Amino acid sequence: MGYMIYSGPLLYRSKLDLKDVKTLLSFCKKDKTKEANFKLVGLIKDEYDIDQHKFKSVLNKYIGSFNTAYQNWYQVEKTPQMEVSDVWVNYMKAGECNPPHMHDADFSSVFYLKIPRGLKKEIQDCKASLSWPGAIQFLFNNPTVPNVINSYHHAPEVGDFFIFPGSLMHSVNSFRSSGDRISIAANFVFPKKN
């Protein structure tokens, strides 16, 4: 009997409790003094830094299951302690997008807090097969290599979240539906060894 050999990046997906979605939403403010656009690649008008300590208070209850996934994926006994280095909220609207990019971090994440009401129908009506409006797409390796899974696309629902290596290329498609697609993104770094 054969077995699979894990390779490629760890792409961890899980779900927030709705209570925690509401708590995270309460941390998000369109505060012009905390604009984050200058350091981000998104073609998104409203992107703002949020309080790291408040964010961590919600994240802590979910990080244990990520640590287990990390240990299983990389076949190690312990996950390095990760520190939050940056947290911001994206208020994505119709016509906006996030082009393919990576993050300058050991790991990154995205947490989905609100999805436009009409986006689900827009996705159902979409004729494309490899990606959808408002979807996030993770890209790994050369897309022309046969017999290799080199991308993953996901139409997010409220509460979905991902944690992934900062070096994993990803993008978000534009959509036409009215309303905000609100997500929090956070970067994590491993402390430097002295």
Identify all residues within the range 32-70 that are open to solvent by 40 Å² or more (accessible area, probe 1.4 Å), among the small types (G, A, S) and in contact with a strand residue (DSSP E or B) (Cβ under 9 Å, 6 or more places away or on another chain); write none if there are none.
-> S65
Name the single residue, out of those in the range 128-165 being under 19 Å from the mean Cα position of the chain (by Cα) and small (G, A, S), that is surrounded by the most Cβ atoms within 10 Å (Cβ to Cβ).
-> G134
Would you check which residues across the range 108-138 are among the β-branched types (V, I, T) and in a strand (DSSP E or B) and list them?
-> V110, I136
Checked against (1) buried (at least 18 other Cβ atoms within 10 Å of the Cβ); (2) modelled with pLDDT under 95, Y112 satisfies every condition except (2)
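Conditions (1) assigned to a loop (DSSP other than H, G, I, E, B); (2) under 22 Å from H153 (Cα atoms), marked per residue:
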site	(1), (2)
G8	yes, yes
S14	no, yes
T23	no, no
H53	no, no
I63	no, no
F66	no, yes
A69	no, yes
S85	no, no
V89	no, yes
Going through the range 174-194 in order, the residues found to be at pLDDT 95 or above and either open to solvent by 20 Å² or more (accessible area, probe 1.4 Å) or small (G, A, S) (or both) are S174, R176, S177, S178, G179, D180, S183, A185, A186, V189
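Could you tell me whether Y48 is aromatic (F, W, Y) and modelled with pLDDT of 95 or more?
Numbers: aromatic (F, W, Y): yes; modelled with pLDDT of 95 or more: yes.
Yes.
Determine whether the range 28-50 contains at least one residue that is in contact with a Leu (Cβ under 9 Å, 6 or more places away or on another chain) and of a type in the set (D, E, K, R). Lay out the reasoning, then the answer.
Here is the first cut: in the range 28-50, the ones in contact with a Leu (Cβ under 9 Å, 6 or more places away or on another chain) are 28, 47, 50.
Applying the additional criterion that residues be of a type in the set (D, E, K, R) yields 47.
Taking every residue of the range 28-50 in turn, at least one turns out to be in contact with a Leu (Cβ under 9 Å, 6 or more places away or on another chain) and of a type in the set (D, E, K, R).
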So W88, is it touching a residue at least 24 places away in the same chain (Cβ under 8 Å) and under 22 Å from E35 (Cα atoms) = yes
What pairs come up if the first residue lies in the range 154-165 and is over 17 Å from D17 (Cβ atoms), the second is in a loop (DSSP other than H, G, I, E, B) and open to solvent by 10 Å² or more (accessible area, probe 1.4 Å), and their beta carbons are under 6 Å apart, counting only those six or more places apart or on different chains?
-> A155/W132; F164/L11; P165/P9
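The values are calculated or read from the model by the stated rules, or taken from the named source; none is laboratory data. Please read all numbers here as calculations on a predicted model, not as lab measurements. Because the Cβ atoms are built from the backbone with ideal geometry, glycine has one as well, and the counts that use them run over all protein chains shown. Side chains included, ligands, DNA and RNA excluded: accessible areas come from the protein's heavy atoms. Shrake-Rupley method; radii C 1.70, N 1.55, O 1.52, S 1.80 Å.
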